[in-house]
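Asker: Sharing a structure, written as structure tokens. Questions coming.
The values are calculated or read from the model by the stated rules, or taken from the named source; none is laboratory data. Please read these numbers as outputs of a predicted model, since none were measured by experiment. Here Cβ is always computed from backbone atoms with ideal geometry, including for glycine, and neighbour counts include all displayed protein chains. The area values use the complete protein model at the heavy-atom level, side chains included, leaving out ligands, DNA and RNA. Shrake-Rupley method; radii C 1.70, N 1.55, O 1.52, S 1.80 Å.
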Amino acid sequence: MKTILVVDDSHIMRNIVKNIFSDLKIPCQFLEAANGKIALQLLENNKVNLIFLDWNMPEMDGMEFLKRAKSMPDYKDTPVVMVTSEAARYSVIEALQNGAADYIVKPINEKVFKEKISELDF
Amino acid sequence: MEQYIQPFIKVCESVFQEFCRTEVNAGRVYFVSKDEYVTKWDISGIIGLSGEATGAVAISMKDTTAFKVTKTLTGKEHKHIDSDVTDAVGEIINIIAGNVKKEFEEELRIKISLPTIVKGVAHTIVWPTEKTRIICIPFSIFSDQELCLSIAVAPANK
């Protein structure tokens with residue numbers, strides 16, 4: 001059973017991500033966090049296989065979380081997929097340079113989302 | 001100011017189509033001064049802009065419109081401005097602002113704030129820019145309802 005962490009300050013967006021992912025019929029359990037700070041605590045207390053990460057969040061944003069997660073030995077190879085409204089190319093480049101495995105711009109296109117996930121190894 | 005209008009219309013129509021599966025159609029754009037800005041709306045979602053352009057963008061609507069918009073995302077009926085409704089309005093303006101950044105990426109590097117929600121009958125928005133006029137773009141939605149995208153933006157060096 002895979003453990004998927006969904007990090008977004010919008011609970012509606014967390015539900016949307018979970019619902020689309022559930023369509024893939026991959027046996028999994030979900031963990032949720034409303035910001036990077038809570039997400040880091042969840043990483044310390046669980047073994048997470050895949051992370052969906054928003055960028056703009058209170059307390060700790062997605063970029064700060066990404067950098068910290070990638071510096072943790074247990075998570076340096078765990079795929080982190082950005083799911084964010086930050087659509088500018090320079091934002092995509094910044095996320096990929098900091099270790100994001102892929103980048104999905106909101107609003108989520110379900111077909112693109114599923115294609116990207118099917119290409120990930122987690 | 002006019003150069004900012006079309007990208008906002010394009011992005012707003014696209015976000016409602018793709019995120020809410022709902023069509024919105026832009027009406028006649030008008031301008032008001034900061035002091036003249038009075039809303040007739042029940043809820044607004046506001047995002048501050050900083051970096052090479054400063055200002056704010058807000059989406060405003062009646063509560064009945066917000067309930068229907070939220071239902072497109074949650075599948076549930078809403079009769080009060082609850083956490084789902086504020087979440088939906090905040091996320092919509094967040095997605096609009098994030099996508100508008102892409103429209104201006106060649107000219108301006110803009111940072112967006114977290115969304116703020118203001119609610120209450122005929123509430124007021126205090127706009128951060130001093131001189132800029134506010135662009136108001138009305139949109140029709142759900143055939144007989146409307147919402148408004150308001151924008152106050154200016155290059156940071158002016």
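Asker: Give me Rg over Rh for the range A:4-84, both radii from the alpha carbons and Rh done the Kirkwood way, two decimal places.
Answerer: Values: Rg = 11.6 Å, Rh = 12.4 Å.
Radius of gyration relative to Kirkwood radius: 0.93.
Asker: Right, here's the next one. Can you list residues whose amide H is under 5 Å from B:Thr22's amide H, if they're 5+ apart or on another chain and H is modeled 1.01 Å from N?
Answerer: B:Gln17
Asker: 222 nm [θ] for chain A, helices only, -39500 (n - 2.57) per DSSP H run of 4+, per residue, to 500?
Answerer: Mean residue ellipticity at 222 nm (helix-derived): -11500 deg cm²/dmol.
Asker: If you don't mind, there's one more thing I want to ask. Relative contact order of the range B:1-67: what whole-number percent is it, with Cα pairs under 8 angstrom and at least 6 residues apart?
Answerer: Relative contact order comes out at 20 percent.
Asker: Moving to a separate point now. Which of the pairs B:Lys71/B:Lys101; B:Lys76/B:Lys119; A:Lys25/B:Lys79; A:Lys37/A:Lys70 have their Cα atoms more than 25 Å apart in this structure?
Answerer: Working: B:Lys71/B:Lys101 27 Å; B:Lys76/B:Lys119 21 Å; A:Lys25/B:Lys79 34 Å; A:Lys37/A:Lys70 14 Å.
B:Lys71/B:Lys101; A:Lys25/B:Lys79, as the Cα separations exceed 25 Å there.
Asker: Would you list which aspartates and glutamates come within 17 Å of B:Lys68, measuring only between C-alpha atoms, while excluding same-chain residues fewer than 8 positions from it?
Answerer: B:Lys68 reaches B:Glu13, B:Glu18, B:Glu23, B:Asp42, B:Glu77, B:Asp82, B:Asp84, B:Asp87, B:Glu91, B:Asp144, B:Glu146.
Asker: Calculate the mean, over all residues of peptide A:82-90, of how many other protein chain Cβ atoms lie within 10 angstrom of the residue's Cβ.
Answerer: Partner-chain Cβ atoms within 10 Å, mean over residues of A:82-90: 6.
Asker: Using alpha carbons only, how many angstrom separate the centre of the range A:72-122 from the centre of the range B:40-56?
Answerer: 27 Å
Asker: Only four residue types carry charge here, +1 at the Cβ of Lys and Arg and -1 at the Cβ of Asp and Glu. Report the dipole size of the range B:18-158 about the Cα centre in Debye, rounded to the nearest 20.
Answerer: Computed charge dipole of the range B:18-158: roughly 180 debye.
Asker: In what sequence, largest accessible area first, do B:Ser113, B:Ser44 appear using a 1.4 Å probe? Walk me through the numbers on the way to the answer.
Answerer: On the way: B:Ser113 45, B:Ser44 0 Å².
Most to least solvent-accessible, the answer reads B:Ser113, B:Ser44.
Asker: Counting pairs of alpha carbon atoms under 8 Å apart in space and at least six apart in sequence, what relative contact order in percent does chain B give? Walk me through the intermediate numbers first.
Answerer: Details: 317 pairs, mean separation 58.8, N = 158.
The value is 37 percent.
Asker: Heavy-atom accessible area of B:Val153 with all protein chains present, probe 1.4 Å, nearest 10 Å²?
Answerer: Its heavy atoms expose roughly 10 Å² to the probe.
Asker: Once a ≥ b ≥ c are taken as the square roots of the eigenvalues of the Cα gyration tensor of the range A:19-63, is the result rounded (a/c under 1.5), prolate (a/b larger than b/c) or oblate (a/b not larger than b/c)?
Answerer: Working: a/c = 2.91, a/b = 1.55, b/c = 1.87.
Verdict is oblate for the range A:19-63.
Asker: Distances over 17 Å make up what percent of all Cα-Cα pairs in the range A:32-122?
Answerer: Working: 1850 of 4095 pairs.
Of all Cα-Cα distances in the range A:32-122, 45 percent exceed 17 Å.
Asker: Please list the non-local residues whose amide H lies under 5 Å from the amide H of B:Ala156, H modeled 1.01 Å from N, same-chain partners needing a gap of 5 or more.
Answerer: Under 5 Å from the amide H of B:Ala156 lie the amide H atoms of B:Ala53, B:Thr54, each far enough along the sequence or on another chain.
Asker: On each of the three principal axes of the Cα atoms of the protein assembly as shown, give max minus min coordinate, whole Å, ordered largest first.
Answerer: Per principal axis, max minus min of the Cα coordinates gives 56, 45, 29 Å.
Asker: Given H placed 1.01 Å from N in the peptide plane, which residues other than close sequence neighbours of A:Leu50 have an amide H under 5 Å from its amide H?
Answerer: Long-range HN contacts for A:Leu50: A:Thr3, A:Leu5.
Asker: When only Cα pairs under 8 Å and 6 or more residues apart are kept, what is the percent relative contact order across the range A:83-122?
Answerer: 43 percent
Asker: What's the angle, to the nearest 10 degrees (0 to 90), between helix B:83-103's Cα axis and the longest principal axis of chain B?
Answerer: With rounding to tens, the tilt is 30 degrees.
Asker: Right, something else. Rounded to whole Å, give me the distance from the Cα center of the range B:88-156 to that of the range A:1-44.
Answerer: Here the two parts' Cα centres lie 28 Å apart.
Asker: Which sequence of A:Ser91, A:Ser118 reflects their accessible areas, 1.4 Å probe, from the largest down?
Answerer: A:Ser118, A:Ser91
Asker: Taking the Cα centre of chain A as origin, sum charge times position over the Cβ atoms of Lys and Arg (+1) and Asp and Glu (-1), and report the length of that vector in debye to the nearest 20.
Answerer: In total the dipole reaches around 200 debye.
Asker: On to the next question. Arrange the residues B:Thr64, A:Thr84 by how much accessible surface each exposes, largest first, with a 1.4 angstrom probe.
Answerer: Output order, biggest surface exposure first: B:Thr64, A:Thr84.
Asker: Here is a follow-up. Loop-only trypsin sites (Lys or Arg not before Pro) in the range B:21-66, please: DSSP not H, G, I, E or B, and at most 15 other Cβ atoms within 10 Å.
Answerer: In loop regions of the range B:21-66 (DSSP not H, G, I, E or B), the sparsely surrounded trypsin sites (Lys or Arg not before Pro) are B:Arg21, B:Arg28, B:Lys40.
Asker: Using the Cα centre of the range B:78-158 as the reference point, and only Cβ charges (+1 on K/R, -1 on D/E), how large is the resulting charge dipole? Debye, rounded to the nearest 20.
Answerer: Result for the range B:78-158 is approximately 380 debye, rounded to the nearest 20.
Asker: Mind jotting down the three principal axis lengths of chain B based on Cα atoms? Whole angstrom, largest first.
Answerer: Over chain B, Cα extents along the principal axes are 46, 31, 28 Å.
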